[in-house]
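Here is the structure we will look at.
No value in this document is a laboratory result; all are computed from the given coordinates. Keep in mind the model is a prediction, meaning the values are calculated, not measured. Glycine gets a Cβ as well: all are built from the backbone with ideal geometry, and neighbour counts include every protein chain shown.
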Amino acid sequence: MLEWAIYLVTAMLCVALLLNLWRLLIGPQIADRILALDTMYINSIALILLYGIHSGTKLYFEAALLIAMLGFVSTVAFCKYLLRGDIIE
């Protein structure tokens, strides 16, 4: 039962990643594109965690944590650049 749930959620996350990619490429404003990129980070983290559950190893959880930290820092940097024009003051 868990095997089918993992496959179903993986398919749903792949569809969500494709929709986020579409919003990233055709977003009307830069804020929409930044939000789509942030959501793509979250979806990729979920896919990595699902693969870690499926394979039964703990290594993928650490990789998901690293991607989460990089995603947060890059989103903050993009937003700061959007608001002020500079990342470092």
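Rounded to the nearest Å, what's the spacing between the alpha carbon centres of region 1-34 and region 61-79? Just the number, please.
17
Where does each of Ile45, Ile53 land when they are ranked from fewest to most other beta-carbon atoms within 10 angstrom?
Going from sparsest to densest Cβ surroundings: Ile53, Ile45.
Would you mind counting up the charge near Leu70? Only other residues with Cβ under 14 Å from its Cβ, with Lys and Arg at +1 and Asp and Glu at -1.
Net local charge, Leu70 excluded: -2.
Which log10 I(q)/I(0) values does region 2-84 give at q = 0.16, 0.20, 0.23 Å⁻¹ under the Debye formula, counting every alpha carbon as one identical point scatterer?
-0.67, -0.91, -1.06
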